[in-house]
Amino acid sequence: MNLSRELQIALTATSRAANLSKNVFNSLVANDSVTKNDKSPVTIADYSCQSLVSLLLSKAFPSDPLVGEEDADVLRQSAELKDKVIGLVNNELSIPLKHGEVDGLDLGSTQQENTLLDAIDRGTFQGSSTGRMWCLDPIDGTKGFLRGGQYAVCLALLVDASVELGVIACPNLPVNPAQPDGERGVVFAAIKGQGAFQRPISQSNGALEPISMNAITPSTLSSASFCESVESGHSSQGDAANIANELGITKEPVRMDSQAKYCSISRGDGDVYLRLPVSASYEEKIWDHAPGRLLVAEAGGKVTDIHNKDLDFSHGRTLKHNKGVIAAHKDIHANVIKAVQKRHSAPAYTPSYEMDLFAEAPLSWQLCNSMNLRSRTRSIFQVPDFEELVDSHPSQILDEDEQTAIVEKLEKANAASNKQYRIVTAAFIVVQLTYLLTHLSASGSLINLALLLTPLPSLLNTLTSRDLITIRITHPHLKYIPEPRSHLLGVAASIVGLALYRNAATSRTLTILTFSAITEFWMRRSEKDARELHKLKYGQKSA
Ligand SMILES: Nc1ncnc2c1ncn2[C@@H]1O[C@H](COP(=O)(O)O)[C@@H](O)[C@H]1OP(=O)(O)O
Ligand SMILES: [Mg+2]
């Protein structure tokens with residue numbers, strides 16, 4: 001497939017969008033004209049870049065659909081935001097085309113408001129498994145953008161759900177990794193079957209230099225280094241450390257935002273990119289991985305999900321049939337997958353609030369309501385004055401101290417009520433054990449005794465708050481049995497027991513184990529809720 005024109009347009013579009021985003025950063029973030037938590041620079045940069053890239057694509061390839069992260073609804077409702085975006089895009093368009101940029105394409109120096117808003121809305125395409133489509137993340141790594149760290153403008157062309165072309169512009173990545181303080185701003189490109197390349201964003205007519213991954217083999221794997229998200233909410237950093245350990249890797253992980261991670265490993269700045277799901281329900285977005293996946297593959301690597309499945313771009317806007325991402329040199333990918341399967345704990349449970357609650361927004365009545373936290377707080381955490389506290393607050397927004405007080409109350413109340421349930425379960429078990437020990441000759445007594453032991457390890461651990469007995473279930477299939485696994489296995493075994501010995505003692509065992517499994521299930525949920533809240537409030541380290 002000859003994609004040289006597509007490549008030229010994609011390089012120009014992403015490089016220009018990268019320049020535009022730098023203008024936004026310099027005028028709005030670097031000079032502190034907005035506060036750190038103000039999202040408007042990201043919003044402005046996002047919309048402007050999507051408008052610019054989409055406009056160029058629509059001029060060059062009018063019939064190609066675009067899957068973009070944004071639509072223009074918000075802009076149509078805010079004149080101030082809209083004017084800024086239109087101004088920025090037109091400013092970039094008015095810079096004359098340089099040698100090497102899109103030949104034979106008349107962009108016109110400035111564009112009408114509607115043309116630019118419509119260009120943003122072209123990105124609402126829902127994805128398709130057939131035909132051509134472009135896929136755009138105008139500002140990938142918004143947190144990195146605000147921090148002055150890594151972020152990227154990412155564009156890919158998919159044909160029949162296969163990534164044929166990928167281009168990623170990283171405005172803050174050093175051109176030469178050996179000179180981190182030298183020139184920054186690199187654009188990476190890959191065409192399927194033709195290799196991976198980079199060139200400085202500043203050189204629109206410069207040669208594309210071939211890049212490749214470090215040639216790591218299983219025997220040199222321990223010298224590898226790995227990349228991961230800065231955000232612990234996007235990838236499990238704890239599991240990544242365990243996996244590194246398993247592989248004998250001792251170097252500290254390099255944390256960076258955005259698809260700059262794919263770029264870094266493609267040119268050998270790092271070797272392995274791990275994206276380990278922390279949430280069972282999050283579906284990765286196609287624009288977050290399409291160009292990066294091709295770049296790594298063309299640089300000598302292999303990219304799959306954590307189950308070693310190819311990333312499947314044929315299901316609309318998300319990778320709904322994949323979980324996480326593992327990218328590494330093709331010679332060591334299998335080793336990494338093996339370690340992942342051994343050490344990654346599958347997120348069996350998803351908290352009802354996945355957003356960065358305390359960092360992103362104050363805890364308000366509306367938030368509690370929308371995340372079902374109010375009802376859960378009443379029924380699970382049992383903090384009687386929580387609702388009053390939220391309702392009585394004049395602005396319905398809680399300040400820092402009030403949030404802290406709530407988290408502490410939730411944890412205490414939760415721990416106390418769970419202990420009561422566990423004591424009741426333990427009491428049932430002791431009574432039944434005593435009965436069985438005094439009727440040892442009755443049929444099925446020994447089996448019943450054995451069955452009653454199944455919930456004991458977890459009961460003992462939780463009642464003493466210690467890991468007295470730990471049973472590691474590492475088999476990949478068993479990991480997907482929901483918690484509490486040992487209890488569920490106990491219930492299943494006692495159903496078999498009841499089929500063998502239809503007597504009252506076996507029925508009682510089954511009832512006790514079922515009670516224990518159900519209460520344990522709810523308690524674990526509430527404990528995870530409490531832990532999650534704690535993590536959101538105090539950060540990963542202290543959780
Ligand atoms: N729970 C999550 N798990 C994985 N990725 C996420 C999660 N929530 C958001 N993201 C996405 O991670 C990307 C940034 O990744 P990184 O941390 O590697 O820079 C963003 O595009 C963001 O998508 P979105 O922009 O829709 O929030
Ligand atoms: Mg993104």
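The values are calculated or read from the model by the stated rules, or taken from the named source; none is laboratory data. In this text the structure is predicted, and so the values were computed from the model without any measurement. Neighbour counts are summed over all protein chains in view; Cβ atoms, including those assigned to glycine, are modelled from backbone coordinates with ideal geometry. Only protein heavy atoms, including side chains, enter the accessible area calculation; ligands, DNA and RNA are left aside. Shrake-Rupley method; radii C 1.70, N 1.55, O 1.52, S 1.80 Å.
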Exercise. Confirm whether Arg275 is modelled with pLDDT of 95 or more, within 16 Å of ligand 2 (Cβ to nearest atom), surrounded by fewer than 23 Cβ atoms within 10 Å (Cβ to Cβ) and not small (Gly, Ala, Ser).
Key: no
Quiz item: In the set Leu488, Leu478, Leu500, Leu513, which member is at pLDDT below 85 and either of a type outside the set (Lys, Arg) or under 28 Å from Ser281 (Cα atoms) (or both)?
Solution: Leu478
Quiz item: When you go through (1) in a helix (DSSP H, G or I); (2) within 16 Å of ligand 2 (Cβ to nearest atom) one by one for Ile243, which number turns out not to apply?
Solution: (2)
Practice problem: Residue by residue through region 458-470, note down the ones that are hydrophobic (A, V, I, L, M, F, W, C) and open to solvent by 60 Å² or more (accessible area, probe 1.4 Å). | Solution: Leu460, Leu468, Ile469
Exercise. Pull up region 146-160, narrow it to residues that are among the aliphatic types (A, V, I, L, M) and either open to solvent by 20 Å² or more (accessible area, probe 1.4 Å) or within 16 Å of Ala30 (Cβ to Cβ) (or both), then point me to the one that is nearest to ligand 2 (Cβ to nearest atom).
Key: Leu146
Quiz item: Of the residues Asn418, Asn448, which is assigned by TED's automatic domain parsing to the domain that holds Ile512 and farther than 16 Å from Ile518 by Cα?
Solution: Asn448
Self-check item: Residue in region 258-275 that is in contact (Cβ under 8 Å) with a residue 12 or more places away in the chain and over 30 Å from Leu208 (Cα atoms) present
Solution: no
Exercise. Could you tell me whether any residue of region 132-145 is open to solvent by 30 Å² or more (accessible area, probe 1.4 Å) and away from ligand 2 (no atom under 15 Å from the Cβ)?
Key: yes
Exercise. Determine which member of the set Cys263, Cys227 is within 16 Å of ligand 1 (Cβ to nearest atom), open to solvent by less than 20 Å² (accessible area, probe 1.4 Å) and closer than 21 Å to Ile9 by Cα.
Key: Cys263
Quiz item: What are the residues in region 418-455 that are part of a helix (DSSP H, G or I), within 39 Å of the chain's Cα centre (by Cα) and either of a type in the set (D, E, K, R) or closer than 17 Å to Ala492 by Cα (or both), if any?
Solution: Lys419, Arg422
Exercise. Confirm whether Thr454 is in the same structural domain as Gly490 (by TED's automatic domain parsing) and at pLDDT 85 or above.
Key: no
Quiz prompt | Residues of region 445-457 classified as open to solvent by less than 10 Å² (accessible area, probe 1.4 Å) and not hydroxyl-bearing (Ser, Thr, Tyr), total | solution = 3
Quiz item: Pick from Glu483, Glu520: which is part of a helix (DSSP H, G or I) and either acidic (Asp, Glu) or in contact with a Cys (Cβ under 8 Å, 6 or more places away or on another chain) (or both)?
Solution: Glu520
Quiz item: Of these, Ile216, Ile249, Ile286, which one is open to solvent by less than 20 Å² (accessible area, probe 1.4 Å), within 16 Å of ligand 2 (Cβ to nearest atom) and among the β-branched types (Val, Ile, Thr)?
Solution: Ile286
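When you scan region 172-193, do you find a residue that is farther than 18 Å from Ala328 by Cβ and within 16 Å of ligand 1 (Cβ to nearest atom), even just one?
Checking region 172-193: at least one residue is farther than 18 Å from Ala328 by Cβ and within 16 Å of ligand 1 (Cβ to nearest atom).
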Quiz item: In region 508-526, what count of residues is obtained for those that are more than 16 Å from Leu498 (Cα to Cα) and either in contact with a Leu (Cβ under 9 Å, 6 or more places away or on another chain) or of a type in the set (S, T, N, Q) (or both)?
Solution: 6
Quiz item: Does any residue in region 286-302 that is not assigned by TED's automatic domain parsing to the domain that holds Asp140 and β-branched (Val, Ile, Thr) come within less than 8 Å, Cβ to Cβ, of a residue that is assigned to a strand (DSSP E or B) and within 16 Å of ligand 1 (Cβ to nearest atom) six or more places away or on a different chain, and which pairs are these?
Solution: Ile286/Val67; Ile286/Cys135; Ile286/Thr318; Val296/Tyr273; Val296/Val303; Val296/Ala327
Quiz prompt | Residue list for region 304-321, restricted to those being surrounded by 24 or more Cβ atoms within 10 Å (Cβ to Cβ) and either touching an Asp or Glu at 6+ places or on another chain (Cβ under 9 Å) or free of Cβ contacts under 8 Å to residues at least 40 places away in the same chain (or both) | solution = Leu319
Exercise. Could you list all residues from region 421-444 that are over 17 Å from Ala517 (Cβ atoms) and surrounded by fewer than 18 Cβ atoms within 10 Å (Cβ to Cβ)?
Key: Val430, Val431, Leu433, Thr434, Tyr435, Leu437, Thr438, His439, Leu440, Ser441, Ala442, Ser443
Quiz item: In this structure, is Leu97 farther than 17 Å from Ser314 by Cα and open to solvent by 30 Å² or more (accessible area, probe 1.4 Å)?
Solution: yes
